[in-house]
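What follows is a set of notes on a single structure, which appears directly below.
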Amino acid sequence: MERWQRVMERQGNAPPDDIPIVLAREGHHGPVIHATNRAARMNGINPGSRVVDMRAICPELQVEYADPAGDRAALDRLVLWARRWCPWTVRDGEDGLILDTTGSDHLMGGEAAMLVEMEAQLSLLGLSAQLAVAPTWGAAWALARFGPVRSVCGLDEVGVKLGALPVTGLRLDGETVLLLRRLGLKTIGAVMDVPRLSLTRRFVKAGLEANPLMRLDQALGKLAEPVASVDAKPRFRVQSRLAEPIFDPTPYLPELCENLCEALKQAGQGCRRLQLTVYRTDGDVSHVDVATSATTCDPTHLHGLFRDKVERINPGFGFDLITLEAGSVEEMQARQNRLDGGADDDLHLTRLVDRLSAKFGPRAVTRPVLRESHIPERAEGQVAALAALAGTGAAVMKERPLRLFDHPEEVRVLYAVPEGPPAQFVWRRQTHRVARYAGPERIAPEWWKDRPGTRLRDYFKVEDQAGRRIWLYREGLHEDGRGGDPRWFVHGCFA
Amino acid sequence: MGSLRVQQRLAGQADRPGPMTHTLSEAFLPTATDAAAVGFVLARLPRTTAPILWVQDRLSRKEAGRPYLAGIGADRPLIMVDLSRAADVLWAMEDGLRCKALGGVIGEVWGDPPGLDFTATKRLAMRAEAADVPCWLIRRAASPDLSAARERWRIASLPAAPHPHDAQAPGLPRWSLDLFRSRRRALGQWVATYDGSTDRLDLAAPIRNGALATGDGAAGQRAAG
């Protein structure tokens, strides 16, 4: 909700605070409410209820759609941002962060002071947070959501502090919570008081999500639940600072490429994208991108890709800082497939594709692949040669021409019989007399893709008087009720 | 009737050093939409799974269509490069000939652009010989001017061979080949019949009249080199 608020403020059309606004997501029976703002909460609107019901309660309700994927991505970024307090952070579900602050709280002056600091920093980002410190993941989860504000819980008081909280704090799924409520166990303390044996008997087959006993053990620290931190990807970037502004970065490129590739090699990585950025003295920035079809860390190859592109940089009044950054960094293992140290063929080929794509643009270099379709123009797809090759479709059994026209060319025909091939046709202002023909091969429209009025095609391989073999088709039939007389097109040429 | 299996001869070439390395050849077409030259070039390329770099300029693509993978056969991967200027086509072909992993480089150039002169073709020919990659220039609406191509062909379609099962259908394709400039072999004119299923190209001298028909075999043998 607050992320949405920030976005709207940035766009300049943030609504005033007193209008109730909710974010909705798709539920089983229409949209349900995902998050609410303060005004909506005051009107008694709760997350999880249906939008139509809440409209009845509060007619002036404004509904926007939530963006869960964006929320998750923002939270992932926040995980790395939270490394300012401790080195070990991880995302917890859809709406939480877990920070392992063991040994780092004294840097902020104790745990309580650390929580105040965190809340202040997060509020500077425009986010509100509920914070708690506890010895285990489970206890911290429960205390942050259901406990007092900024509660700090020592190792020996976990049981006492958790006892008063509702069973929802055990991170159980909805059915188990309902079951525990029906059993009369409303607080975590009540669950703790039940003899362990009877609970074990009841939940012996339940998984972790539905097992209150295991969740309780996790919260009390009897069952280990380690925090697996994610690694921030290192950025590979080199720069060269110049004493005075220059206009042409070419003399600096080989050294930059070498330094970058050295850094990549030491990390065992390769890159698929490179960005050359120049920082101009007039405060502007311009950049050039190149891409490769396979991960590489070869400085001469990368330098060669910039060959003609550097001229496109607009130097303005000159620039005094050049940076080269590697993008799409992937792990790469150097391979040697011949004992005599010769380079392998695949490598040459990917480099050729890189050079051609860098010069003519990635859309000019394509790789045709077969697709599953009977319509001739759909049986062949173009994929960028830079992209990885997907699985190809089945091979065509019928005879197909060597050349295909991008747009079939209409011809005027002279019929011998209405259903057969033409006796002669005029194509590109030349009259071709049909000497021999093979066909027809009927190809019906693909009704799941085509518009309803699409007509079928009858393909003929015809040979004219000079011996040229042409692929003709008639679109539609006489009296098929889909337009007037059928039209004829040339679609390809046989060898 | 002289017959030969082109791909066997081409496969044997790689072992023999000397003048029979792959090189630059040119194919001229009397009519632009004729696909005979494409069929002949594909039949002459060694049958491997190495990809073919196919460079087309805009007019060739518009006037004569693009190569169709379903007709060529999916076992032979293509890398298509669609460019607008003939100078770019030559640049891309030359760059492709630096790569020995290719099974062939085919360029289609429309007309007689000023960039396609003796120097440009000589560069292509020397690069093709250095990399031992066959390189073909398919020229449409062009006049055979000065060129360094080691072989220059004029190729047109002929009425097909009779179909074995269907009297009114065209059978195996036939082409008239005219080798009008060559460094390595005797010039000549042939009628070629190509069988795609077995990849077999049969050459026969054209029968001009009955008296000359006895010399056919010799002409075909000479073509084998």
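Give me A:Lys309, A:Lys461 ranked fewest to most by other Cβ atoms within 10 Å of their Cβ, as a rough exposure proxy. Numbers along the way, then the final one.
Working: A:Lys309 14, A:Lys461 23.
Ordered by Cβ neighbours within 10 Å, fewest first: A:Lys309, A:Lys461.
Work out the length of the dipole vector of chain A about its Cα centre, built from +1 on the beta-carbon of each Lys and Arg and -1 on the beta-carbon of each Asp and Glu, and round it to the nearest 20 debye.
Details: 65 positive and 66 negative charges, 297 e Å.
Approximately 1420 debye in magnitude.
Could you go through region B:157-170 in sequence order and give the Karplus-derived ³J(HN,Hα) for each residue, using 6.51 cos²θ - 1.76 cosθ + 1.60 with θ = phi - 60°, rounded to whole Hz, and x for Gly and Pro?
Coupling constants for region B:157-170: 7, 10, x, 6, 5, x, 6, x, 10, 9, 5, 9, 9, x Hz.
Just tell me which lysines come within less than 24 Å, Cα to Cα, of A:Lys233; anything on the same chain fewer than 8 places away is out.
Filter leaves A:Lys265.
Can you work out ³J(HN,Hα) from phi for every residue in region A:375-383, in order, using Karplus 6.51 cos²θ - 1.76 cosθ + 1.60 and θ = phi - 60°, giving whole Hz and x for Gly and Pro?
3J(HN,Hα) across region A:375-383, in whole Hz: 5, x, 6, 8, 6, 10, x, 10, 10.
What's log10 of I(q)/I(0) for the protein assembly as shown at q = 0.06, 0.08, 0.11 Å⁻¹, Debye sum over Cα points only, no solvent?
Results for the protein assembly as shown at q = 0.06, 0.08, 0.11 Å⁻¹ read -0.62, -0.88, -1.15.
Tell me the mean residue ellipticity at 222 nm calculated for chain A from its helices only (DSSP H runs of n ≥ 4, each -39500 (n - 2.57), averaged over every residue, nearest 500). Could you put the intermediate results ahead of the total?
Working: 14 runs with 134 residues, N = 495.
Value at 222 nm, helices only, nearest 500: -8000 deg cm²/dmol.
Of A:Thr102, A:Val133, A:Gly163, which is farthest towards the positive pole of region A:95-214's charge dipole, taken about the Cα centre with +1 and -1 on the beta-carbons of Lys, Arg and Asp, Glu respectively?
Value: A:Gly163.
What average number of partner chain Cβ atoms lie no more than 10 Å from the Cβ of the residues making up A:488-495? Display every interim value, and only then the final one.
Numbers: counts 0, 0, 2, 2, 7, 11, 9, 20.
Mean partner-chain Cβ count within 10 Å for A:488-495: 6.
Output wanted: per-residue J couplings in Hz (rounded whole) for region A:252-266, from phi through Karplus 6.51 cos²θ - 1.76 cosθ + 1.60, θ = phi - 60°, x for Gly and Pro.
Ordered by residue, 3J(HN,Hα) equals 8, 5, x, 5, 4, 4, 5, 5, 5, 5, 5, 5, 5, 5, 5 Hz.
Using modelled backbone amide H atoms (1.01 Å from N, in-plane), which distant-in-sequence or interchain residues come within less than 5 Å of A:Leu165's amide H?
Result for A:Leu165 returns A:Ile188, A:Gly189.
Just going by the charge dipole of chain A, with Lys and Arg at +1 and Asp and Glu at -1 on Cβ, which of A:Gly184, A:Ser229, A:Ala74 is farthest out on the positive end?
A:Gly184
Roughly speaking, what is the centre-to-centre gap between region A:285-307 and region A:205-220 when only Cα atoms are used, to the nearest Å?
Between the Cα centre of region A:285-307 and that of region A:205-220, the gap is 52 Å.
Checking the cross-link filter: which lysines have an alpha carbon closer than 30 Å to that of B:Lys122, excluding same-chain neighbours under 8 positions apart?
Correct list for B:Lys122: A:Lys309, A:Lys359, B:Lys62, B:Lys100.
Determine the dipole magnitude for region A:14-77: charges of +1 sit on the beta-carbon of Lys and Arg, -1 on that of Asp and Glu, nothing else is charged, the reference point is the Cα centre, and the result goes in debye to the nearest 20. Present the calculation step by step, with values, prior to reporting the outcome.
Values: 7 positive and 9 negative charges, 33 e Å.
Roughly 160 debye for region A:14-77.
Taking the beta-carbon count within 10 Å as an exposure proxy, list A:Val383, B:Val41, A:Val149 from fewest neighbours to most. If you can, show how the numbers build up before the last one.
Details: A:Val383 13, B:Val41 22, A:Val149 10.
Listing A:Val383, B:Val41, A:Val149 from fewest to most nearby Cβ atoms yields A:Val149, A:Val383, B:Val41.
Can you sort A:Leu143, A:Leu213 from fewest to most other Cβ atoms within 10 Å of each residue's own Cβ? List each step's numbers first, then the result.
Working: A:Leu143 25, A:Leu213 18.
Result, fewest neighbours first: A:Leu213, A:Leu143.
Would you pull out the residues with amide H under 5 Å of A:Val411's amide H, same chain only if 5 or more places away, H placed 1.01 Å from N?
Distant-sequence amide H within range of A:Val411: A:Trp488, A:Phe489, A:Val490.
Counting only other chains, and only Cβ atoms inside 10 Å, what mean value do you get across the residues of B:57-70? Spell out each step's value before the answer.
Numbers: counts 0, 0, 0, 0, 3, 3, 2, 3, 13, 8, 6, 16, 15, 17.
What the average comes to for B:57-70 is 6.
Work from the charge dipole of chain A (Cβ charges, +1 for Lys and Arg, -1 for Asp and Glu, about the Cα centre) and give the residue of A:Ala263, A:Ile19, A:Val152 farthest towards its positive end.
Looking along the dipole axis, the top candidate is A:Ile19.
Relative to the Cα centre, what is the charge dipole magnitude of region B:55-168, using +1 at the beta carbon of each Lys and Arg, -1 at the beta carbon of each Asp and Glu, and rounding to the nearest 20 debye?
On the way: 16 positive and 15 negative charges, 20 e Å.
Using only the charged Cβ atoms, the result is roughly 100 debye.
List the lysines whose Cα lies under 16 Å from the Cα of A:Lys461, skipping any in the same chain that are fewer than 8 positions away.
Once the sequence-local lysines are set aside, what remains near A:Lys461 is A:Lys398.
Post the alpha-carbon centroid distance, region B:75-126 to region B:144-165, in whole angstrom.
20 Å
Read-outs: derived from the displayed coordinates by stated rules, not from any lab. Everything numeric in this text was worked out from a predicted model, so none of it was measured. Using ideal geometry, Cβ is built from the backbone for each residue, glycine included, and neighbour counts are taken over all protein chains shown.
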